[in-house]
1. Using amide H atoms built 1.01 Å from N in the peptide plane, name the residues 5+ places from ARG128, or on other chains, whose amide H lies under 5 Å from its own.
2. Would you kindly derive the ³J(HN,Hα) couplings of the range 141-150 from the backbone phi angles with the Karplus curve 6.51 cos²θ - 1.76 cosθ + 1.60 (θ = phi - 60°), listing them in order in whole Hz, with x for Gly and Pro?
3. Between the range 61-76 and the range 184-202, what's the alpha-carbon centroid distance in Å?
4. Given Cβ point charges of +1 (Lys, Arg) and -1 (Asp, Glu) and nothing else, what value in debye, to the nearest 20, does the dipole of the chain about its Cα centre take?
5. What number comes out for the charge environment of CYS130, summing +1 per Lys or Arg and -1 per Asp or Glu over other residues with Cβ under 15 Å away?
6. If ligands, DNA and RNA are left out, what is the accessible area of THR115 with a 1.4 Å probe, given in Å² to the nearest 10?
7. Quick query: amide H of ASP112 versus all other amide H atoms, modeled in the peptide plane; which residues come in under 5 Å with a sequence gap of 5 or more or a different chain?
8. Per residue, how much accessible area does the range 102-220 have with a 1.4 Å probe, in Å²?
Amino acid sequence: MRILFLGAPGAGKGTQCKKLSAKLSLAHLSSGDILRDAVKNGTQAGLAAKEFMDQGKLVPDNVLIDLFREKLNDASCKNGFILDGFPRNRAQAESLDLLLGELKANLDRVIDLKTSDDLLEERITGRRVCPNKACNAVFHTKFSKPKKDGICDLCGTELSHRSDDKPELVKQRLAVYHELTSPLIDFYKAKQILVSVNGEGEQEKIFADILETLNQGSHK
Ligand code: AMP
């Protein structure tokens, strides 16, 4: 199965995609994680992306398209994949269509995770992430506290606060989402592969709703 998640920063895409990728054995391609990795490793893509990420702006389309072309051609995607955070504007969505057309691997379903902006701000600013690449677990200072303050439950690494999760950048990232990414809802609705899921409430309930929509038809 080939699935794309839409939703604002903080909507819970990362958490739900990880659960779904484990449940359905699908590759999980998170654009944010891929870019942060590239920055950490000092690759050419990372060097091109850093200044945009630091300002909460979109990284140039060609950087993302090149990265995803490489990832989608990898053997790990042959049995299906979940896209998380890419595409984020119309040009990227059109490039993705071309790329998937070449691979004969069109999307089966697009899931739009819906949440209100007030909740998003609280979710993003309280988010704490495990910087251990092999782990990448996500916690929240209020909604999903680690057992020991500031320490990852899974691997014991000290949690960090992403620099772009600080309040001053969150409004900018949400504005970018509303202006450039949310129009993709109509783009995929027109292809009749979009389903909407309420992204507010308990993680397990949201996950159950996602599984249910995947078992049903589209056009919700
Ligand atoms: P995320 O972890 O998905 O919130 O992404 C973190 C940052 O990476 C974003 O604020 C952008 O600067 C950059 N980014 C992630 N995905 C994309 C994309 N598809 N297009 C452009 N920039 C992106």
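The values are calculated or read from the model by the stated rules, or taken from the named source; none is laboratory data. Computed from a predicted model, the values in this text were never measured in an experiment. Cβ atoms come from the backbone with ideal geometry, glycine included; neighbour counts cover every protein chain shown. To get the accessible areas, we keep the full protein, side chains included, count just its heavy atoms, and leave off ligands, DNA and RNA. Shrake-Rupley method; radii C 1.70, N 1.55, O 1.52, S 1.80 Å.
1. PHE139, HIS140, THR141
2. 5, 10, 8, 8, 6, x, 4, 10, 3, x
3. 23
4. On the way: 33 positive and 31 negative charges, 88 e Å.
Computed about the Cα centre, the dipole is about 420 debye.
5. The answer is +4.
6. THR115 exposes around 30 Å² with every protein chain in place.
7. Under 5 Å from the amide H of ASP112: LEU6, VAL195, SER196, VAL197.
8. For the range 102-220, the solvent-accessible area averages 57 Å² per residue.
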